[in-house]
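See structure below.
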Amino acid sequence: MSDTPIRYLRQTVLGDWGAAGQERIRQARVLLVGLGGLGGTVALYLAGAGVGTLLLNDFDRVDETNLHRQLLFAERDVGRLKVEAAASCLCAHNPDLTLEMLPVRLAPAALEQAVRSVNLVVDASDNFETRDQVNRTCHRLGRPLVSGACIRYEGQFAVFDFRDPASACYTCLYPEPDVPGFFESCSVNGISGPVAGIIGSLEAQAVLDLLLAHPSPWPGFLLRFDATHGTFRKTRLVRDPGCRTCGSGQPESTSGPPG
């Protein structure tokens, strides 16, 4: 414990964390796809926990309408690339981080290269095409995927641990983008800032559980949050044998994460 920085003391005193767990966190590499209300919340908590390397992927710029929920950013950041503004904030929060900025929409080959280089992936994107591509890449490479989404007063989150060949995937849940309302834009339908913070916080905890190899209640389940009624609803995910992503067999590689 004496070699662990004081800043992490309140988590390393947890009996199932300790100095060994903190070292696992320090050596970890995590890809964050999307730095909005979800991804920004995840990034702040992972930076605070001391995750060693964060790959930040977002091609967008900070808009003033982002500021009510995207707490990585301040008024001075409006117009900046989100990855640059996020890096400034995260480095100020924890200067020991290593950050890799990916300010582009990742083509399939670039996404595969990024996913191969990390322990796990957080999908905090805002469109079906990206979620689908990230899901397929993580499944093929056997990397765990933590996925979240939110709109209006509703949010959802799920963990797909593709190290388990029996894991369902995002495509099992949404074969096509035909769920009314859920894939619509926040700019049209609106979003409550705290809802994004709640779902992003759940994603961050799931990431830490996976990195620490803690028993986790999340893989294999979908959690839906409705702020209007103050309800959480957890349902089991069932793998679809006919799924176009995971229904035809095992991932190409189920080798453990790097490092």
Go through the residues of region 80-89 one by one and say whether even a single one is of a type in the set (S, T, N, Q) and in contact (Cβ under 8 Å) with a residue 12 or more places away in the chain. no
So which of Glu252, Glu176 is farther than 24 Å from Val51 by Cα, at pLDDT below 90, out of contact with any helix residue (DSSP H, G or I) (no Cβ under 7 Å at 6 or more places or on another chain) and in a loop (DSSP other than H, G, I, E, B)? Glu176
Across region 73-94, what is the number of residues that are over 19 Å from Asn127 (Cβ atoms), surrounded by 21 or more Cβ atoms within 10 Å (Cβ to Cβ) and touching a Lys or Arg at 6+ places or on another chain (Cβ under 8 Å)? 1
The lone condition Leu32 fails out of (1) assigned to a loop (DSSP other than H, G, I, E, B); (2) of a type outside the set (Asp, Glu); (3) under 22 Å from Ala158 (Cα atoms) is (1)
Within region 60-72, residues being part of a loop (DSSP other than H, G, I, E, B) and either acidic (Asp, Glu) or surrounded by 14 or more Cβ atoms within 10 Å (Cβ to Cβ) (or both) number 8
Looking at region 131-168, which of the residues that are part of a helix (DSSP H, G or I) and of a type in the set (A, V, I, L, M, F, W, C) is surrounded by the most Cβ atoms within 10 Å (Cβ to Cβ)? Cys138
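The values are calculated or read from the model by the stated rules, or taken from the named source; none is laboratory data. No experiment lies behind these values; they were computed from the predicted model shown. All Cβ positions, even for glycine, are placed from backbone atoms using ideal geometry, and neighbour counts span all protein chains on display.
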